[in-house]
Structure formats: C-alpha cells, structure tokens
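Asker: Here it is, the structure, as structure tokens.
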Amino acid sequence: MFVITFLATIGRTFLNFLRVSGRLAMFAGRAMDAVIRPPFYPRLILKQMASIGYYSLPVVGLTALFTGMVLALQIFLGSARFNAESAVASIVVIGITREIGPVIASLMVAGRVGAAIAAEIGTMRVTEQIDALTTLATNPFRYLVAPRLIAAVLTLPILVLIADIVGVFGAYTVGVVKLGFSPVAYIQNSLDFLQVMDVVSGLAKAAVFGFIIALMGCYHGYYSRGGAQGVGKATTNAVVSASILLLSADYVLTELFFAQ
Amino acid sequence: MTPKIKLSGVRKSFGQKMVLDGVDLEIAPGQSVVVIGGSGVGKSVLLKCILGLVTPDEGSIEVDGVEVTGLRGGARSEVLRKFGMLFQSAALFDSLTVWENVAFGLIEGAGMARGPAHTKAIETLARVGLAEDVAELDPAELSGGMKKRVGLARAIATTPEILFFDEPTTGLDPIMGDVINDLIAKSVRELGATALSITHDLASARKIADRIAMLHDGRIIWQGPVADVDHSGNDHVDQFIHGRADGPIQMQVLKP
C-alpha cells in the first residue's frame, strides 16, 4: 500500500510538472506572438522602461558598488596566498562584466520588478480588470504582457552596463584606497585583459534575464486566483521561479558563450 | 426576426461541478432581459460564456445569428465591439484616471485620438451624472456608487449594441441602487441597446427588465414578462421573489 501511495505521489507530481510546463510554454508563445504583432503600445513600453530601469537604479547601483568592493577585497586576500595580487584588477573586471554584474543586477530586478509585475497583474486578474480589458476589445497579452517583456529585455542590459561600471568603480576604490594599488596601474590592468566579448556576453545574458523576469511576473500574475492571498502567492512564485530560472539560464548561456 | 442573442443547450462544468446544464435563452433586439437566481447558480458564468471570457463545454451562442463560441483574433474583437459591460465591482483600471477609463474603448478599441476621446468621456460622464472635475481623479478616490457610474459610463461610451450588467446594485445602499437602476434603464433606452443583466436584487430586476428569466440548477426554469413574475405559477420563482428560506430551493447552509 505504501509503495502504491508513494508511486502515485511521484506520478501526480510529474503530471503537475508537465501541466505547469505546458501552460508556461503556451503563455510564452502567446506572449511572443503579442510582442511581434501590432498593435504596439509605445507609451506603455516607455512607462515600463522607467519603472523597470530608472526606479531600479538605486538598488542595482548600491548592490553593484558593494559587490565590487567585496570582490576586490576577497580576490586580493585570496590571490595573496600565491603572490598573484597584481591580477586583482583583471580578475575583478572580468568577473563583474561576465557574471557578477548581470546576475546580481538581475536578481535585484527580479525581487523588485518581478514581484511588482506579478502583484499588479494579479490584482487586475482578481478584480476583473483583465476581463474588462477583454470586453473592451483589447488583448491583455498585447496591452499588459508585451510592453513589460519588451521593456525588460531593452532595459536590463542598460542596467547591467551601469552595474558593471559602478561595480568596477567600487573595486577600484577599494584597490586604490585600501589595498594600495596605483590608480593608473589599476585601470591599465583592468583594460589590458578586458575583451569586448566579456561585456557583450554579460549584456546578452541581461536581455535573456530580463525576458525571464518579466515572463515569470506576468505568468504568475495572470493566473493568480483567490484574492489577496492568491496575489501574495503569485508574487512569491514570480520571484522564486525567476531567480531559479535565470540562474539556470546563466549556466546554459555561459556554456554557449565560453565553452571550448 | 433574428434574436440579438441566442443560447442553445449551453453547458459548462468546473471539475465535477456542473454549473450550466443546458441553458436555452433568446433575447430579441432592443429587449432588456434580467436573469435572476441565487448566489452561486452560475449567473456570472452564463454572462462570461457570452462575452467569451469562459468557453462553454457544449452548446451554441449566437450574436446577430453568428456563432461566437470559439471565435478568435479579429473576428472575436469585432463581436466584442458590439458589447458594453458593467462589472459587479466596476473593474475600473486603477492605473488610469476616470476619464481614461471611460475613454479606454474609444482610444484602444476604436482608435480615436486622445483629444476627442477626452471630450467624449466628459460628455459620457455627464450622462451618468458625474461632473467634469471627477474626470481627473483616480478610481481609488471614488465612492462605490461613483465607481458604478464610471463603470456604466465606460460601458456606454462606445455606443454598444448590447449591454451586459453584472449585479449592478450589489454593495450599494437602496437609494444609490435605485439611482444606478434609473441610469441603466435610461442608458439602454437612449442607446436603443439590447441588455442582459444578472442580479438577485428583485427591485433592480423590476426596474430594468422587459423580461425576467430564472436560472436554477444550471437551467432556465422560468421566463416571462416582468409583469408576470409575481404570478409565475413556479414555486422556485415564488420562493425566490419572496425571499423565503422554506421551499423547493435548498440553500447550502451549515445548521447548528
């Protein structure tokens, strides 16, 4: 009896996984269709770009600054074990542009923006505003989902570029003020080993992460049910699923860009 | 004459629960029909099936003689442009101002420029008794009665052929409820629209209906002119309109 119950539980979980995956894939398909087909809503896209980009600047900037500072300190202390302190600037700039910048900025945006998207669309769902949109002959995917997806994909790379610059500046400050590097030598070391691909790969990752964050926020909000509790659950699920998916995508993209 | 709306054998279940079990209903052009029934009998589901927000499991729904179940894309939008809908909670877009809510169907649905749409929105607000200074407010700043008026203004702004009202007086005091009923009756009359309302408020039904239909156990169990509702000869209708606990309709209540 225990074995049957155990197997049934596994079966139910697997079927539920397939159901959710299928629903998410269909949602993503409808969302992409809405992105490429008119009507487009430039005003809404700009509004979302301000919401996602401009209002995320403080949290992304501060996170990047302190992460860059910590990274410089840690790499200096670690590299001192094998007398490689001079590599600090190079390692920091590569680490920030390839990995730390895109991942830290995107996780911060997932927490701030992913949750906000899920809460807003979820509230619209439970208060019948999405039904009202439909009855007014307006496709909710084109009006609500597409502007958020487009804005997130366009804005995240800009945010990550800023995070890269602020992070490197934080590391530079620690390197020069605390660790005693020469300002000119630090900058020279950073630029000597930095390649265009390091920055471009980070920005490409950011665009993909932006898509994931907006998609998860819209998906969980769109299918939220049951009033305030349902919206709260949608918000949590949006942040958790976006964070896990973007870290998974990070590995896949790193393999694609850099695997030999 | 082709009915404006015709439902034949519409069925809809959610899991094991059969909500609509073969609904047949015809509404003639220009007629105002009110569907009454207890809470949870599927009145809102019936409305959502016609609007295309819920897909029926079986049956046919025709608007102007055209089958609308399963319509998608442009064809669906064409049908939706004939509709105006007042939601139970008004469902105003809280990210837009009052006038933007009223003008939404004009701007996004009909492609009108914002300037003329603003003028039209102010005119429509005046028709439901709201002054111009309300236009720039956010929906969160409005009372329940004002929200219903704005919702009504949004529903009629595009001059629809068919109006739907979902529990239009729920949550309002009797006086404001009567004001809304008067506005609904006036709007339907002025537009010459066909109207389908759902409510369990008999006072509202008597005021806005030409014909009343009662939904129970997933079917229309009685329908007739509003004047006949008091002598329908149907025990279910009698129990409902007199609000009696005893009778053929058994409410699901926990007894001590």
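Asker: Within the stretch A:127-143, work out how many residues are at the interface with chain B (Cβ under 10 Å from one of its Cβ atoms) and out of contact with any Pro (no Cβ under 7 Å at 6 or more places or on another chain).
Answerer: Number satisfying all stated conditions: 11.
Asker: If the requirement is being at pLDDT 90 or above and farther than 22 Å from residue A:140 by Cβ, which of these qualifies: B:127, B:149?
Answerer: B:149
Asker: Enumerate the pairs (first residue in the stretch A:16-30 and in contact (Cβ under 8 Å) with a residue 40 or more places away in the chain and farther than 14 Å from residue A:215 by Cα; second residue anywhere and open to solvent by less than 60 Å² (accessible area, probe 1.4 Å) and not polar (S, T, N, Q)) with beta-carbon separation below 7 Å, excluding pairs fewer than 6 apart on the same chain, so at least 6 apart or on different chains.
Answerer: Correct list of pairs: empty, since none qualify.
Asker: In addition: Among the residues of the stretch B:186-238, which ones are touching a residue at least 24 places away in the same chain (Cβ under 8 Å) and of a type in the set (Gly, Ala, Ser)?
Answerer: Within the stretch B:186-238, B:187, B:192, B:193, B:195, B:197, B:203, B:204, B:205, B:209, B:213, B:218 qualify.
Asker: So if I check each of B:68, B:79, which one is free of Cβ contacts under 8 Å to residues at least 40 places away in the same chain, open to solvent by less than 40 Å² (accessible area, probe 1.4 Å), touching a strand residue (DSSP E or B) at 6+ places or on another chain (Cβ under 9 Å) and farther than 22 Å from residue B:188 by Cα?
Answerer: It is B:68.
Asker: Now a separate question. Check A:97, A:67 and return the single one that is open to solvent by less than 30 Å² (accessible area, probe 1.4 Å) and away from chain B (no Cβ under 14 Å).
Answerer: A:97
Asker: Ok, one more. Provide a single number: the residues in the stretch B:181-207 that are under 16 Å from residue B:161 (Cβ atoms), open to solvent by 10 Å² or more (accessible area, probe 1.4 Å) and part of a loop (DSSP other than H, G, I, E, B).
Answerer: 1
Asker: Now for a different question. Every residue in the stretch B:44-92 that is facing another protein chain (nearest Cβ under 8 Å) and assigned to a loop (DSSP other than H, G, I, E, B), please.
Answerer: Those that are facing another protein chain (nearest Cβ under 8 Å) and assigned to a loop (DSSP other than H, G, I, E, B): B:52, B:53, B:81, B:87, B:88, B:89, B:91, B:92.
Asker: Among the numbered criteria (1) surrounded by fewer than 18 Cβ atoms within 10 Å (Cβ to Cβ); (2) within 13 Å of chain A (Cβ to nearest Cβ), which single criterion is violated by residue B:131?
Answerer: (2)
Asker: Among the numbered criteria (1) open to solvent by less than 30 Å² (accessible area, probe 1.4 Å); (2) at pLDDT 95 or above, which single criterion is violated by residue A:248?
Answerer: Single failed check for residue A:248: (1).
Asker: Determine, yes or no, whether residue B:212 is closer than 29 Å to residue B:64 by Cα and buried (at least 17 other Cβ atoms within 10 Å of the Cβ).
Answerer: So residue B:212 fits the description; yes.
Asker: Helices (runs of 4 or more DSSP H) wholly in the stretch A:136-240 with at least 2 residues that are at pLDDT 95 or above, open to solvent by less than 30 Å² (accessible area, probe 1.4 Å) and under 30 Å from residue A:122 (Cβ atoms) - which ones?
Answerer: Here the list reads A:146-173, A:196-222.
Asker: Could you look through the stretch B:136-177, keep only residues that are part of a loop (DSSP other than H, G, I, E, B) and buried (at least 20 other Cβ atoms within 10 Å of the Cβ), and pick out the one that is nearest to the other protein chains (Cβ to nearest Cβ)?
Answerer: B:158
Asker: Here are some residues: A:52, A:36, A:104. Which one is of a type in the set (Val, Ile, Thr), more than 14 Å from every other protein chain (Cβ to nearest Cβ), open to solvent by 20 Å² or more (accessible area, probe 1.4 Å) and closer than 30 Å to residue B:113 by Cβ?
Answerer: A:36
Asker: Next question. Could you grab me the full set of residues in the stretch B:1-42 that are farther than 21 Å from residue B:239 by Cα and assigned to a loop (DSSP other than H, G, I, E, B)?
Answerer: Within the stretch B:1-42, B:1, B:2, B:3, B:4, B:15, B:16, B:28, B:29, B:30, B:31 meet the criteria.
Asker: Taking the options B:137, B:142, B:125, B:130, name whichever one is more than 30 Å from residue B:6 (Cβ to Cβ), touching a Lys or Arg at 6+ places or on another chain (Cβ under 7 Å) and among the aliphatic types (A, V, I, L, M).
Answerer: It is B:130.
Asker: Being surrounded by fewer than 21 Cβ atoms within 10 Å (Cβ to Cβ) and farther than 29 Å from residue B:90 by Cα: is that true of residue B:243 here?
Answerer: Answer is no for this residue.
Asker: Of all residues in the stretch B:228-240, how many are open to solvent by less than 70 Å² (accessible area, probe 1.4 Å) and under 21 Å from residue B:31 (Cβ atoms)?
Answerer: Residues meeting the conditions: 5.
Asker: Taking residue B:117 as the residue in question, decide whether it is out of contact with any Pro (no Cβ under 6 Å at 6 or more places or on another chain), within 14 Å of chain A (Cβ to nearest Cβ) and open to solvent by 50 Å² or more (accessible area, probe 1.4 Å).
Answerer: no
Asker: Can you confirm whether residue B:25 is of a type in the set (A, V, I, L, M, F, W, C) and over 27 Å from residue B:150 (Cβ atoms)?
Answerer: yes
The values are calculated or read from the model by the stated rules, or taken from the named source; none is laboratory data. Computed from a predicted model, the values in this text were never measured in an experiment. A quick note on method: Cβ atoms are made from the backbone with ideal geometry, for glycine too, and the neighbour counts reach across all protein chains shown. SASA here: full protein model, heavy atoms, side chains in, ligands and nucleic acids out. Shrake-Rupley method; radii C 1.70, N 1.55, O 1.52, S 1.80 Å.
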